[in-house]
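Every number here is computed from the coordinates shown, using simple stated rules; none is lab data. From a predicted model like this one, the values you see are computed outputs, not experimental measurements. Cβ atoms come from the backbone with ideal geometry, glycine included; neighbour counts cover every protein chain shown.
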Amino acid sequence: MQDMLHRRQIVPSSVLMLLALVLAVLALFLFGWLAEEVHEHEAIRFDNQVRNALHAFASPPLTLFLRVVSNANGPLAMLVYTLAAVGLFWSRGHRTSAILVGVTMGGGVCLDGALKLAFHRARPAPYFGLPTPDTFSFPSGHSLMSLCFYGVTAYLVSVHVDSPRRRFWVRAGGVLMVLLVGASRIYLGVHYPSDVVAGFAAGLVWLTAIVFAYRRLVHGVA
């Protein structure tokens, strides 16, 4: 009886992981295409159209809200969140999960830095009088790191949650936070839209690899 229940749980999980693998492959191709477009300066027209369209919705309350979102997901904040998540998982006896968070975020930092150095894309002119960040623009580090952090923590929390409804809301909350961070970077003008999409794509590929490794290590399945 327990074996039958275990099989019923594995099948939908395996289907979800297959879908995640397909999305990761598509994300890899998307990143490659965006990288080529950026390298050949073909993405700028699309980037400016999206930037201008989003900027048309600007308002003081929305600007304040998205500045808070952006600032609350910067490098220092992500470091604090990562240490807190690692500490929380470790204190509750989920040491593999704690290590996984650390590896995911450490790898994300290295990936972001390497990609920025590889492409050397200059920043766009920010809106609202904000200073221009002193790092390269492609890909968006905020987008990449937020996808890594909220993605891995949402996944690991949902693994330890029995209620399907709670798992849904944990994952939905993670997706919402990632989208808000990406939107804030475009809205504030500190990134091109292609930077944000590329950050999501790179983060998704890395996160999928991490989750597959975790499943293989802990559950013996992929």
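Can you check how the C-alpha radius of gyration of the chain compares to 2.2 N^0.38 Å, as a plain ratio?
Output field value: 1.08.
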In nanometres, the difference between 0.36 nm per residue of separation and the alpha-carbon distance of Val25 and Leu217 is 66.9 nm
Once both label points are put 7 Å beyond Cα along the C-beta direction, the Trp33-Phe65 separation in nm becomes 3.1
With bins of 10 Å, the percent of all Cα-Cα pairs of the stretch 23-149 per bin from 0 is 10, 33, 35, 17, 4, 0
Highest mean packing first, using Cβ neighbours within 10 angstrom, the peptides 118-127, 202-211 sort as 202-211, 118-127
Phe57 and Leu83 label points (each 7 Å along its Cα→Cβ direction) are spaced in nm at 3.6
Rounded to two decimals, the Debye log10 I(q)/I(0) of the stretch 78-148 (Cα scatterers, no solvent) at q = 0.12 Å⁻¹ is -0.43
